[in-house]
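Okay, so here's the structure we're looking at.
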Amino acid sequence: MNQKNIIKYKKNGVLIVDINNVYIDNDVKIGKGSRIEPGVHIKNGSRIGENVIIGPNSQISNSIISDNCEIDGAVIRDSKISNNVFAGTNSLIRDGSYIKKYCKIGNLVEVKNSIIGEKSKISHFSYIGDSTLGKNVNIGAGTITCNYDGNLKHKTVIEDGAFIGAGSMLIAPITIGKWAKTGAGSVVRNDVLKND
């Protein structure tokens with residue numbers, strides 16, 4: 001990209017790296033200290049907090065992004081993101097999801113209609129749908145909450161501190177108890193008791 005063609009824009013403490021390569025609706029609000037990178041779309045009354053980095057090619061619609069977050073090429077629709085959350089490249093957060101403080105949503109993760117508790121991590125290649133996660137939950141790469149049985153959608157509950165091994169298939173409705181673990185590649189059809 002020719003640096004001469006990049007026109008930076010700064011107003012009210014918000015930096016837009018290339019004013020000719022972003023799309024922001026008039027009803028969007030962005031807080032002080034935030035940075036908007038090229039290729040970003042922000043629309044439908046979204047609210048961006050202070051000191052937020054919206055990385056290249058992120059798309060945000062009808063959502064709230066709270067302070068000190070980094071959205072690195074993610075798509076966020078109809079959802080709420082609390083403070084200090086990271087959402088990685090090609091992740092999709094949608095349909096009323098609520099990501100609480102200090103969470104990490106990694107690359108190629110989809111979160112749909114779910115609550116993700118504080119300090120929980122879903123780092124790579126996973127689908128979490130119609131689920132409630134507690135605090136400090138770790139979701140291994142390739143995990144899927146199998147929420148649809150062909151007729152109805154069902155709920156998955158994963159309680160505080162649980163560790164879900166890579167490639168786990170959680171067949172909803174199901175509850176994984178506090179501090180419980182699943183082994184890599186598990187197909188879990190029944191509730192897992194808490195691990196005291």
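The values are calculated or read from the model by the stated rules, or taken from the named source; none is laboratory data. Bear in mind that the values here come from a model prediction, so they are computed numbers and not experimental data. FYI the Cβ positions are ideal-geometry reconstructions off the backbone, even for glycines, and counts take in every protein chain you see. Heads up: the accessible areas ignore ligands, DNA and RNA and are worked out on the full protein's heavy atoms, side chains in. Shrake-Rupley method; radii C 1.70, N 1.55, O 1.52, S 1.80 Å.
Summary of values
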| item | result |
| --- | --- |
| Fraction of accessible area attributable to carbon and sulfur, the chain (%, probe 1.4 Å) | 47 percent |
| Net charge contributed by nearby residues that have their C-beta within less than 15 Å of S61 (K/R +1, D/E -1) | +3 |
| Given charges at Cβ of Lys, Arg, Asp, Glu: the chain dipole, positive-most of C103, T145, Y127 | C103 |
| Simple Cβ-charge dipole of the chain, Lys/Arg +1 and Asp/Glu -1, about Cα centre, in debye nearest 20 | 360 debye |
| Loop-located trypsin sites (Lys or Arg not before Pro) in segment 1-58 whose Cβ has at most 16 other Cβ within 10 Å (DSSP) | K8, K32 |
| Charge sum, other residues only, whose C-beta stays under 13 Å from S46's C-beta, Lys/Arg counted +1 and Asp/Glu -1 | +2 |
| Segment 6-45-segment 93-131 distance, computed between alpha-carbon centres (Å) | 25 Å |
| Percent antiparallel among DSSP beta bridges (both partners in the chain, rounded to 5) | 5 percent |
| Accessible-area ranking of L92, L170, largest first, probe 1.4 Å | L92, L170 |
| Cross-link pairs beyond the 25 Å C-alpha cut-off, checked among K80/K194; K8/K101; K101/K155; K32/K121; K32/K112 | K80/K194; K8/K101; K32/K121; K32/K112 |
| Fully extended contour minus Cα-Cα distance, from E50 to D78, at 0.36 nm per residue | 8.1 nm |
